[in-house]
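Trainee: Questions regarding the structure given below will be posed in turn.
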Amino acid sequence: AEDTGVRVELAEEDDGRKSSIALRLWVEDAKKLKGKSKDNGAIEFTFELEKETPDDVAQEMVDAGFFHESDVKIIAKSIRDRVALIQWRRERIWPMLH
Amino acid sequence: NSFTQVVHSAGRRFIVSPVPESRLREQ
């Protein structure tokens, strides 16, 4: 995935079954953001794989004051890349293990 | 812990905690 300067990782181990996953997001390289972000630390949140879109969550983070409006796309992309990887793992890895 | 902050927005709960030093990229 492209280096967006924003890191998104699983906040808990994925059991491959739950419809919601816990993710943790933090800024690794603030220079890649257009707006100034506060020193937020790591933001943990749950993401509903089938109901939500990364764009919704990114917008909520902007609304909550974590990020500037101009960075909503880079936040959404960072979440989208991680979610895509998790879904890829679920489709490819889990069937092989079970 | 005392460094953890909970922010509610649009029905979602964000839990904010410090990033462990080891997870920060070397600049």
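The values are calculated or read from the model by the stated rules, or taken from the named source; none is laboratory data. These numbers come from a predicted model, not from an experiment. Glycine also receives a Cβ, built like all others from the backbone with ideal geometry; neighbour counts cover every protein chain displayed.
Trainee: In the range A:51-98, how many residues are assigned to a loop (DSSP other than H, G, I, E, B), within 24 Å of A:Lys31 (Cα to Cα) and within 14 Å of chain B (Cβ to nearest Cβ)? Don't jump to the end; show me each part of the working.
Mentor: Filtering the range A:51-98 down to residues assigned to a loop (DSSP other than H, G, I, E, B) leaves A:51-53, A:64-68, A:98.
Now restrict to residues that are within 24 Å of A:Lys31 (Cα to Cα): A:64-68.
Pick out the ones that are also within 14 Å of chain B (Cβ to nearest Cβ) and you get A:64-67.
The number of residues fulfilling the criteria is 4.
Trainee: Only one residue in A:Ile86, A:Ile79 is in contact with a Pro (Cβ under 6 Å, 6 or more places away or on another chain) and touching a residue at least 40 places away in the same chain (Cβ under 8 Å), so which one is that? Don't jump to the end; show me each part of the working.
Mentor: Details: A:Ile86 fails: in contact with a Pro (Cβ under 6 Å, 6 or more places away or on another chain).
Residue meeting the stated conditions: A:Ile79.
Trainee: Which of the residues that make up the range A:13-25 are modelled with pLDDT of 90 or more and either out of contact with any Leu (no Cβ under 9 Å at 6 or more places or on another chain) or under 14 Å from A:Val62 (Cα atoms) (or both)? Show your work before the answer.
Mentor: At the first step, the residues of the range A:13-25 found to be modelled with pLDDT of 90 or more are A:13-14, A:18-25.
If the condition is that a residue be modelled with pLDDT of 90 or more and either out of contact with any Leu (no Cβ under 9 Å at 6 or more places or on another chain) or under 14 Å from A:Val62 (Cα atoms) (or both), then A:Glu13, A:Asp14, A:Leu25 are the ones that fit.
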